[in-house]
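Participant: Structure incoming, see below.
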Amino acid sequence: MIVNVYGTVLAATKLSRSVDGDRPTGADFIDIRALAAHLNLSIGTVSRALNGQADVSAATRARVTEAAQALGYSPNQAGRSLRRKRTSTVAFILPLAPDSIMFGDPFFLAVLAGVQTVIEAAGLELVVLLARAEQDALAVLQRHLSRGIADAWILAATGRDDARIALLASRGAPFVTLGRSGVVADYPSIDLDFEGMVDVAMAQFLAAGHERIAIITSGPNVNFSHIVTARYEAALRNAGLAVDPDLIHVGRVNVAQCAAATTAFLALERRPTAIFVMSEAGPVGVYASLRAVGLAPGRDMAVIGQRMTPACAALDPALACFEVALGDLGEALGRTLLSIMKGAENADQAEPRLWPMTWVPGGSVGSPGS
């Protein structure tokens, strides 16, 4: 089997005979040479039979297939990859997010499960390559590309100016991104509908009578932060309200930083009455900061979060936020990538897409001074 350890693919094939000499022991496997010797056939005949070649009789193919199953034959994937110049492997480069791990956020696990369903049904393997936050994302991809470990790629956590996209495009490698870049265009991607999310959140705040609305969002290299901030400012202007830079926090959005941003908002002479938190676990910090000074979320400060996570689901009052069909999103990523791998006739399936998010009402949205 193929084992992935921080981006290194290891293939092992070994032969261990039992007493009667016919069957491998334990979890060991025989290779094609041993299978051919057992059947008294040439390696070439066995290989063609296993690959369904027409020049091998149906009887021989059946005999080879039955013996392969009975004896535990395992193809030497490394050798096959060298001969075919293919690995039959899709690589998903996944960022390690400390807050997501700490608070049990299943986002990427659920997406991966969806991707794996589609990829494995196509007879391909899915490997996950973990990238730590402090690592250079381009260098990580370059290293894995040089090793030739995958035929196609899925990139997550796309940056505002993401050089990985240009690199894969220049290599002609099939790929799809979970997220958009603000600089590169015309590449296959599926991103959350952040525009729609902001429109709904701001409409909820404005309908409740809020005019001093703050926002907490990620740093300048995160592309969705630019999308969200621009949409937030447009919503204020469309409502006839001024944009106050003091009510915009752009930077890290872990629990501690969201708590600190909330404390800074509360120290303003004209503090906000509502906060929109573009962070997976950040609302936990916002609630804690409000309660530390005797304020109640929902009553004294309206709060809307980005997405329902296990940590946010435990908040009281219930957090108003959004839900995503993560498994379906993963399957869509997988199907998009397969369509690209199949060629130009499926190019229409590889257009950039926005993935819908569903509004989840909660008690954290009240009227000013309620």
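Participant: Does region 166-177 contain at least one residue that is in a loop (DSSP other than H, G, I, E, B), without any contact (Cβ under 8 Å) to a residue 60 or more places away in the chain and not polar (S, T, N, Q)? Don't jump to the end; show me each part of the working.
Facilitator: Filtering region 166-177 for residues in a loop (DSSP other than H, G, I, E, B) gives 172-174.
From what's left, without any contact (Cβ under 8 Å) to a residue 60 or more places away in the chain: 172-173.
Filter once more, so that each one left must be not polar (S, T, N, Q): 172-173.
There is at least one residue in region 166-177 that is in a loop (DSSP other than H, G, I, E, B), without any contact (Cβ under 8 Å) to a residue 60 or more places away in the chain and not polar (S, T, N, Q).
Participant: Return yes or no: is LEU337 touching a Pro at 6+ places or on another chain (Cβ under 7 Å), touching a residue at least 40 places away in the same chain (Cβ under 8 Å) and open to solvent by less than 10 Å² (accessible area, probe 1.4 Å)? Reasoning before the result, please.
Facilitator: Details: touching a Pro at 6+ places or on another chain (Cβ under 7 Å): yes; touching a residue at least 40 places away in the same chain (Cβ under 8 Å): yes; open to solvent by less than 10 Å² (accessible area, probe 1.4 Å): yes.
Here the answer is yes, as LEU337 does meet what is asked.
Participant: Give region 203-212 a look and list any residue that's part of a helix (DSSP H, G or I) and either open to solvent by 10 Å² or more (accessible area, probe 1.4 Å) or within 21 Å of GLY182 (Cβ to Cβ) (or both), or say none. Break it down stepwise before answering.
Facilitator: Step one: of region 203-212, the residues part of a helix (DSSP H, G or I) are 203-207.
Within region 203-212, ALA203, GLN204, LEU206, ALA207 qualify.
Participant: Follow-up question, since we're still on this one. Which is small (Gly, Ala, Ser), over 29 Å from ARG147 (Cα atoms) and modelled with pLDDT under 85, of GLY44, GLY79, GLY52? Talk me through it step by step, then tell me what you get.
Facilitator: On the way: GLY44 fails: over 29 Å from ARG147 (Cα atoms); GLY79 fails: over 29 Å from ARG147 (Cα atoms).
From the options GLY44, GLY79, GLY52, the qualifying one is GLY52.
Participant: Condition test on ILE215, is it in a strand (DSSP E or B), surrounded by 19 or more Cβ atoms within 10 Å (Cβ to Cβ) and of a type outside the set (Asp, Glu)? Let's see the steps before the verdict.
Facilitator: Values: in a strand (DSSP E or B): yes; surrounded by 19 or more Cβ atoms within 10 Å (Cβ to Cβ): yes; of a type outside the set (Asp, Glu): yes.
Here the answer is yes, as ILE215 does meet what is asked.
Participant: Looking at (1) over 18 Å from ALA274 (Cα atoms); (2) assigned to a helix (DSSP H, G or I); (3) open to solvent by 40 Å² or more (accessible area, probe 1.4 Å); (4) in contact with a Lys or Arg (Cβ under 9 Å, 6 or more places away or on another chain), find the lone condition where ASP199 falls short.
Facilitator: (1)
Participant: Would you mind finding the one in THR65, THR87 that is within 30 Å of LEU39 (Cα to Cα), at pLDDT below 90 and in contact with a helix residue (DSSP H, G or I) (Cβ under 6 Å, 6 or more places away or on another chain)? Write out each step before concluding.
Facilitator: Numbers: THR65 fails: in contact with a helix residue (DSSP H, G or I) (Cβ under 6 Å, 6 or more places away or on another chain).
The conditions single out THR87.
The values are calculated or read from the model by the stated rules, or taken from the named source; none is laboratory data. The structure presented is a predicted model; accordingly, all values stated were derived computationally and were not measured. When we count neighbours, we look across all protein chains shown, and the Cβ atoms used for this are built from the backbone with ideal geometry, even at glycine. What goes into the accessible areas is simple: the full protein's heavy atoms, side chains included, and nothing from ligands, DNA or RNA. Shrake-Rupley method; radii C 1.70, N 1.55, O 1.52, S 1.80 Å.
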